[in-house]
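The values are calculated or read from the model by the stated rules, or taken from the named source; none is laboratory data. All values reported here derive from a predicted model rather than from experimental measurement. A quick note on method: Cβ atoms are made from the backbone with ideal geometry, for glycine too, and the neighbour counts reach across all protein chains shown.
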Amino acid sequence: MKVRIFESSQEATHEAAALFIEQIQRKPDCVLGLATGSTPIKLYKELILAYKEGTISFKRVKTFNLDEYVGLDRLHTQSYYRFMCEQLFDHVDIDKRNCHVPNGQAKNIEREVMQYEAAIEAAGGIDMQLLGIGGNGHIGFNEPGCNLDCGTHLESLTRQTIQDNARLFFNGNEAQVPRQALTMGVGTILRARRCVLLAFGKSKQVAVQGMIEGPITKNNPASVLQRHPDTVVLLDTLAAEKLKKKG
Ligand code: F6R
């Protein structure tokens, strides 16, 4: 795990954007794993800018998102599919048929998760996976206590995640946050050839310290990235504050 600490989240985001731009330039038909949440929004803005400047094209890029709420129509204002359209897909030349987000309304969840894994494999696997981290150490929606080997699956959200996401996406109304989500598993994430994890701010300090310096434990699912051969963690100084070793 390579850890880099930046003065500001803007600088860390800029570095992440450079990694994604370089990936797309090197392999124009690459497969990207994408994340939602507040952390990657500015990164997506940088990628849109790079597209508008003609530095990259998404024409042949395929994407797989980490997760989606169960029960939300994909055009629901809070669905992750809609989030991705608004933050990235609608602003670049990507073919929407190449944009994959788990179907939270699938009637047969078992089949949906198997097909999602199969689609990732058929695309050749994920070249670069973008990750954020929850205040409780979750990656995707793999919550503390999860199975560290599994593929895409149905997960129940913890109280902390429901509260965090209500604040960000549901106008603070916890009752509206779905209680379950479909998520790539930790096993799926570990199969990505490269992972780029971004974490900013005070609320991520404990999770970040555990991920980097703690034992590999299902209590902090992100800690399993210590086992991944090519993970880059980009932090701002605030998120890095509890690290014992800073360089
Ligand atoms: C989103 C996802 C989550 C978020 C995490 C951090 O697709 O998989 O693991 O990355 O909850 O969310 P923010 O960025 O809102 O702090």
Breaking point among (1) more than 30 Å from Ala106 (Cβ to Cβ); (2) of a type outside the set (Lys, Arg); (3) touching a residue at least 12 places away in the same chain (Cβ under 8 Å), for Thr39: (1)
Members of segment 12-22 that are among the charged types (D, E, K, R) and surrounded by 14 or more Cβ atoms within 10 Å (Cβ to Cβ): Glu15
Cross-chain or 6+ apart pairs with Cβ under 8 Å, segment 219-246 first and small (Gly, Ala, Ser), then in a strand (DSSP E or B): Ala222/Leu131; Ala222/Ile139; Ala222/Leu197; Ser223/Thr217; Ala239/Ala199; Ala240/Val3; Ala240/Ile5
Total residues in segment 57-86, condition closer than 20 Å to Ser38 by Cβ and among the basic types (Lys, Arg): 1
Residues satisfying the stated conditions in segment 23-40, i.e. part of a helix (DSSP H, G or I) and surrounded by 19 or more Cβ atoms within 10 Å (Cβ to Cβ): Gln23, Ile24
Any hit, segment 191-198, residues being out of contact with any helix residue (DSSP H, G or I) (no Cβ under 9 Å at 6 or more places or on another chain), over 23 Å from Leu234 (Cα atoms) and not aliphatic (A, V, I, L, M): no
When residues of segment 172-184 are limited to those that are more than 15 Å from the ligand (Cβ to nearest atom) and farther than 16 Å from His153 by Cα, the one surrounded by the fewest Cβ atoms within 10 Å (Cβ to Cβ): Ala175
Residue in segment 73-84 that is part of a loop (DSSP other than H, G, I, E, B), at pLDDT 95 or above and in contact with a helix residue (DSSP H, G or I) (Cβ under 9 Å, 6 or more places away or on another chain) present: no
Restricting segment 220-235 to residues that are part of a strand (DSSP E or B) and among the polar types (S, T, N, Q), the residue that is nearest to Met128 (Cα to Cα): Thr231
Single residue of Phe20, Phe64 found to be part of a helix (DSSP H, G or I), within 16 Å of the ligand (Cβ to nearest atom), under 28 Å from Thr161 (Cβ atoms) and not hydroxyl-bearing (Ser, Thr, Tyr): Phe20
Which listed residue is crowded, with 17+ Cβ neighbours inside 10 Å, away from the ligand (no atom under 16 Å from the Cβ) and not basic (Lys, Arg), from Ile94, Ile133: Ile94
All positions within segment 185-209 that are surrounded by fewer than 22 Cβ atoms within 10 Å (Cβ to Cβ) and either among the charged types (D, E, K, R) or within 28 Å of Glu7 (Cα to Cα) (or both): Arg191, Arg193, Arg194, Gly201, Lys202, Ser203, Gln205, Val206, Gln209
